[in-house]
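The values are calculated or read from the model by the stated rules, or taken from the named source; none is laboratory data. Please read these numbers as outputs of a predicted model, since none were measured by experiment. For neighbour counting, all protein chains shown are included, and Cβ atoms are generated from backbone atoms with ideal geometry for every residue, glycine included.
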Amino acid sequence: MLTIHTGTNDDAVAVEGDRIAAVAAVDALRAHYPGARVREWPGELRPGTGWEVAPPDAPSPRERVHALLLRGVTAVAPGAFNDDPGLGPAAARVGLPVGMPAPLVVGSRADFAVFAADGSCLATVLAGRLVHRRR
């Protein structure tokens, strides 16, 4: 199902499967995809951030990876998981890639985040899947 994600900065992305189908102003995407599901986020939608060092400490590899998602991280640098062999599999299960954050362009993997005015992450999307949402 095609989903339009929009933020307070009037930027929006249309996501189909794990890819970005369109990037435009929200009104243009709503007009072009009238049957799409729309997720309106109360923050700025933008590419996620990269992470270059070991993830924050937590009781398990899964929780360490989740700590990254809470920060809007959509990619980790090679070597960031070297301190714990359980981190790579935990990141792979959620779809967190190694490399650079994906740009918000048509055809790229649908990885992005939504940030509140105070800089906190409201939502993280990886490969079109909502993997973190602040409640």
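Worth pointing out:
- The residues of region 30-48 that are among the aliphatic types (A, V, I, L, M) and more than 21 Å from THR74 (Cβ to Cβ), listed by number, are ALA31, ALA36, VAL38.
- Selection within region 15-57 - touching a Leu at 6+ places or on another chain (Cβ under 9 Å) and of a type in the set (Lys, Arg): ARG37, ARG39, ARG46
- Among the residues of region 96-114, those that are assigned to a strand (DSSP E or B) and either closer than 18 Å to VAL23 by Cα or acidic (Asp, Glu) (or both) comprise ARG109, PHE112, ALA113, VAL114.
- Flag for VAL98 being surrounded by fewer than 16 Cβ atoms within 10 Å (Cβ to Cβ), closer than 19 Å to ALA14 by Cβ and of a type outside the set (D, E, K, R): no
- Hits in region 71-88 - residues which are outside any loop (DSSP other than H, G, I, E, B) and at pLDDT below 95: LEU87, GLY88
- Extreme residue, nearest to GLY50 (Cα to Cα), among residues of region 77-103 that are aliphatic (A, V, I, L, M) and in contact with a helix residue (DSSP H, G or I) (Cβ under 7 Å, 6 or more places away or on another chain): LEU96
- Among the conditions (1) surrounded by 15 or more Cβ atoms within 10 Å (Cβ to Cβ); (2) on the phi > 0 side of the Ramachandran plot, GLY107 misses just one, which is (1).
- Scope region 41-70; condition touching a strand residue (DSSP E or B) at 6+ places or on another chain (Cβ under 7 Å) and either on the phi > 0 side of the Ramachandran plot or not in a loop (DSSP other than H, G, I, E, B) (or both); matching residues: GLU44, LEU45, ARG46, THR49, GLY50, TRP51, LEU68, LEU69
- Summed over region 68-95, residues that are buried (at least 16 other Cβ atoms within 10 Å of the Cβ), without any contact (Cβ under 8 Å) to a residue 40 or more places away in the chain and either farther than 24 Å from ALA21 by Cα or aliphatic (A, V, I, L, M) (or both) total 10.
- Residue match in region 1-13 (condition: within 13 Å of the chain's Cα centre (by Cα), assigned to a strand (DSSP E or B) and surrounded by fewer than 20 Cβ atoms within 10 Å (Cβ to Cβ)): no
- Residue match in region 14-33 (condition: modelled with pLDDT of 95 or more, under 19 Å from SER120 (Cα atoms), among the aromatic types (Phe, Trp, Tyr) and in a loop (DSSP other than H, G, I, E, B)): no
- Residues of region 46-65 that are touching a residue at least 24 places away in the same chain (Cβ under 8 Å) and farther than 30 Å from ALA22 by Cβ: GLU52, VAL53, ALA54, PRO55, SER60, PRO61, ARG62, ARG64.
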